[in-house]
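Novice: Okay, handing you the structure first.
The values are calculated or read from the model by the stated rules, or taken from the named source; none is laboratory data. From a predicted model like this one, the values you see are computed outputs, not experimental measurements. Glycine gets a Cβ as well: all are built from the backbone with ideal geometry, and neighbour counts include every protein chain shown. What goes into the accessible areas is simple: the full protein's heavy atoms, side chains included, and nothing from ligands, DNA or RNA. Shrake-Rupley method; radii C 1.70, N 1.55, O 1.52, S 1.80 Å.
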Amino acid sequence: MAFVSFLIPCFVIGTDIAFSCQNTDDFVGASSPGDIVIGGLFAVHSEMLHPEEHPIKPVIQNCAGFEIQIFLQTLAMIHAIETINNSTLLSGVTLGYEIYDTCAEVTKAMGSALRFLAKFNSSKDVVEFKCNYSDYVPRIKAVTGASYSEVSMAVSRLLALQLIPQVSPASSAEILSDKIRFPSFFRTIPSDFHQTRAMAHLICESGWNWIGVIATDDDNGRFALESFGVQAMANNVCIAFKEMLPAYLSDNTFHTKVDHAIEKIVKETRVNVIVVFMRQFHVLKLFKKAVERNVKKIWIASDNWSAAVKISTIPNIRQLGTIVGFGFKSGDISTFQDFLRNLHEKPTDNNKFLQEYIMLLSVCAHLEYHDFQMCISNQSQDVLLQNVENKHQIWRDDFLNANIEPGFIHSTMLAVYAIAHAIKGQCKDRNCRDPSAFTPWELLEELKKVTVIDDGKEIKFDSNGDMSTSYNLLLWKEIDGRMEITTMAEYDPEKGGFIFEDEEKKKEFLDLKKVQSTCSQHCRPGQMKKVTESPHTCCYECVSCPENHYSNQT
């Protein structure tokens, strides 16, 4: 049959190929060959640099804002693949990987996804356009990622063209459960439906009904806000205000909108509970401003930042009040911690992320913990290229271990193991050393049936492609002068309730009720509620009952 082919361009944007894209192979962040190759999409940087010149040209730019936590997720993927290759799971068949940095940008992620669709063994990365891809063999068999739902939504639509399975360890937007729109998307975490319901339960059980919400103005933030609004209404919780912050730090209105959000929080004195659906680098900016303004509230963290060490180590974070949040329940990740301890012995030739991390260690070596953390986040690839000669070689595996977010490491490894088990199912009666032994759409069907043993429990994808793992309810607590992220309870999405390990944890939970966040006080016996001009049912006046009337329980 006839087909049209096209090439994936990669434009030159610098002098040093450590980061600059000279050809398509430079576009890969980390890679290793194998009989079967798995793609990876992770937002290792928080933003893509935007050129000042006009007109703007279609050039793949360098990025800034190295994200330690997501760099660790790429290492978790590599560790899981190496562990599988050293085991008998795939009996002689080796897994390879190609991991790309999305820089938290849909456009950059689409470039990587386009390369995933390229025909296997095509020297020029040719993507064939066909009416029927049933026999087509692309360069990868499955994809792990992406980090953010907005990116996953875009990438998944492109991968669906060839029904290439995509397993995300972090994209939680409820809409991704729609298998008509996203037929090849899976995830090793629950959907936001369960998280927003858990948040509404926490708020309701704590006696709060007048709260504020701040979200990132992207697909994930908007969908989370919509889902939370439905759950809040079902639990008689009113939203006093909603503030949206621009998705990209490069947006010149970003700082103005952060200031506006802080002003709103300060002004609404009866709102003492704020729900925050934001990316980590947004929360960092918001909280630094909140510390400056001495804002003290209860902050409810979404899974995106609830276990973020770089936020918990902000100077004077304790002044912000109490932070509780929902994080994905983790399994045993001790083998990954061992992997990190030996990371300095590994070759860096095939891993640009690791090369960059080592460069960052050199540039930021003189700084203490939080400043060191900020220095790493604030370097752009362009600046690093200028400092490449300034080598002061150190290694800090304690820093990597301290920045692990167990839930995301666990879900990343789980994603790789799920793909590996599906490959095993496909390779029962085939020679899988031959890359054309099976196609991605056949692997997709196998993935739907896969069962993975995790901490002694069997878990599988449901009909929506989601894994119904539990959440931990986290409490940020100051211990010995340091902010520690502790587990207060487990939230069971199936039963919709909190499970406490002991009475002390339950007391911590009940202590949250000491803070009031209501629009109106409860009416006393002999009083009734009188509707005010406010559109919210949570806002009313208490007036004395008319003569010959009395107040009942409602």
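Novice: Report whether or not Gly212 is modelled with pLDDT under 95 and either buried (at least 24 other Cβ atoms within 10 Å of the Cβ) or assigned to a strand (DSSP E or B) (or both).
Specialist: no
Novice: Any residue that is surrounded by 16 or more Cβ atoms within 10 Å (Cβ to Cβ), touching a Lys or Arg at 6+ places or on another chain (Cβ under 8 Å) and in a loop (DSSP other than H, G, I, E, B) - is there at least one of those in region 472-492?
Specialist: The answer is no, given that none of the residues of region 472-492 is surrounded by 16 or more Cβ atoms within 10 Å (Cβ to Cβ), touching a Lys or Arg at 6+ places or on another chain (Cβ under 8 Å) and in a loop (DSSP other than H, G, I, E, B).
Novice: Among Asp511, Asp466, which is at pLDDT 85 or above and not in a loop (DSSP other than H, G, I, E, B)? Let's see the steps before the verdict.
Specialist: Working: Asp466 fails: not in a loop (DSSP other than H, G, I, E, B).
On inspection, the qualifying residue turns out to be Asp511.
Novice: Could you please find all residues in region 193-209 being in a helix (DSSP H, G or I), in contact (Cβ under 8 Å) with a residue 60 or more places away in the chain and in contact with a helix residue (DSSP H, G or I) (Cβ under 7 Å, 6 or more places away or on another chain)?
Specialist: Arg197, Met199, listed by residue number.
Novice: Okay, moving on. So in region 10-32, with the set limited to residues that are closer than 20 Å to Phe120 by Cβ and more than 27 Å from the chain's Cα centre (by Cα), which one is modelled with the lowest pLDDT?
Specialist: Top of the filtered list is Cys10.
Novice: Turning to a different aspect of this structure: I need the strands (runs of 3 or more DSSP E) fully contained in region 35-74, keeping only those with at least 3 residues that are closer than 22 Å to Ala146 by Cα and of a type in the set (A, V, I, L, M, F, W, C).
Specialist: Counting at least 3 such residues, we get 36-42, 63-66.
Novice: Now for a separate question. Go through (1) over 26 Å from Pro138 (Cβ atoms); (2) at pLDDT below 85; (3) not aromatic (Phe, Trp, Tyr) and name the single condition Pro55 misses.
Specialist: Unmet condition: (2).
Novice: Still on this structure, please answer the following. Could you grab me the full set of residues in region 163-189 that are part of a loop (DSSP other than H, G, I, E, B), over 17 Å from Ser411 (Cβ atoms) and open to solvent by 10 Å² or more (accessible area, probe 1.4 Å)?
Specialist: Result: Leu163, Asp178, Lys179, Ile180, Arg181, Pro183.
Novice: I need the full set of residues from region 304-349 which are within 19 Å of Ala80 (Cβ to Cβ), aliphatic (A, V, I, L, M) and out of contact with any His (no Cβ under 9 Å at 6 or more places or on another chain), in order please.
Specialist: Passing the criteria: only Leu343.
Novice: When you scan region 90-133, how many residues do you find that are out of contact with any Asp or Glu (no Cβ under 7 Å at 6 or more places or on another chain), among the polar types (S, T, N, Q), open to solvent by 50 Å² or more (accessible area, probe 1.4 Å) and in a loop (DSSP other than H, G, I, E, B)?
Specialist: Let us first name the residues in region 90-133 that are out of contact with any Asp or Glu (no Cβ under 7 Å at 6 or more places or on another chain), namely 90-92, 95-102, 105, 107-114, 116-117, 120-133.
Pick out the ones that are also among the polar types (S, T, N, Q) and you get 91, 102, 107, 112, 121-123, 132.
Now restrict to residues that are open to solvent by 50 Å² or more (accessible area, probe 1.4 Å): 91, 107, 121, 123, 132.
So of that shortlist, the ones also in a loop (DSSP other than H, G, I, E, B) come out as 91, 121, 123, 132.
Counting residues in region 90-133 that are out of contact with any Asp or Glu (no Cβ under 7 Å at 6 or more places or on another chain), among the polar types (S, T, N, Q), open to solvent by 50 Å² or more (accessible area, probe 1.4 Å) and in a loop (DSSP other than H, G, I, E, B) gives 4.
Novice: Can you spot a residue in region 135-151 that is without any contact (Cβ under 8 Å) to a residue 12 or more places away in the chain and not in a helix (DSSP H, G or I)?
Specialist: Scanning region 135-151, I find no residue that is without any contact (Cβ under 8 Å) to a residue 12 or more places away in the chain and not in a helix (DSSP H, G or I), so the answer is no.
Novice: Oh, and also: Please work out if Ile239 is of a type in the set (Val, Ile, Thr), surrounded by 15 or more Cβ atoms within 10 Å (Cβ to Cβ) and assigned to a strand (DSSP E or B).
Specialist: Yes: the conditions hold for Ile239.
Novice: Might you let me know whether region 172-188 holds any residue that is in contact with a Phe, Trp or Tyr (Cβ under 8 Å, 6 or more places away or on another chain) and over 28 Å from Glu442 (Cβ atoms)?
Specialist: The answer is yes, given that some residue of region 172-188 is in contact with a Phe, Trp or Tyr (Cβ under 8 Å, 6 or more places away or on another chain) and over 28 Å from Glu442 (Cβ atoms).
Novice: If you don't mind, another one. Would you check which residues across region 160-199 are under 16 Å from Glu150 (Cβ atoms), of a type in the set (D, E, K, R) and at pLDDT 95 or above and list them?
Specialist: Result: Asp178, Arg181, Arg187.
Novice: Has region 284-292 got any residue that is within 27 Å of Tyr491 (Cα to Cα), surrounded by 15 or more Cβ atoms within 10 Å (Cβ to Cβ) and under 22 Å from the mean Cα position of the chain (by Cα)?
Specialist: Looking through region 284-292, at least one residue is within 27 Å of Tyr491 (Cα to Cα), surrounded by 15 or more Cβ atoms within 10 Å (Cβ to Cβ) and under 22 Å from the mean Cα position of the chain (by Cα).
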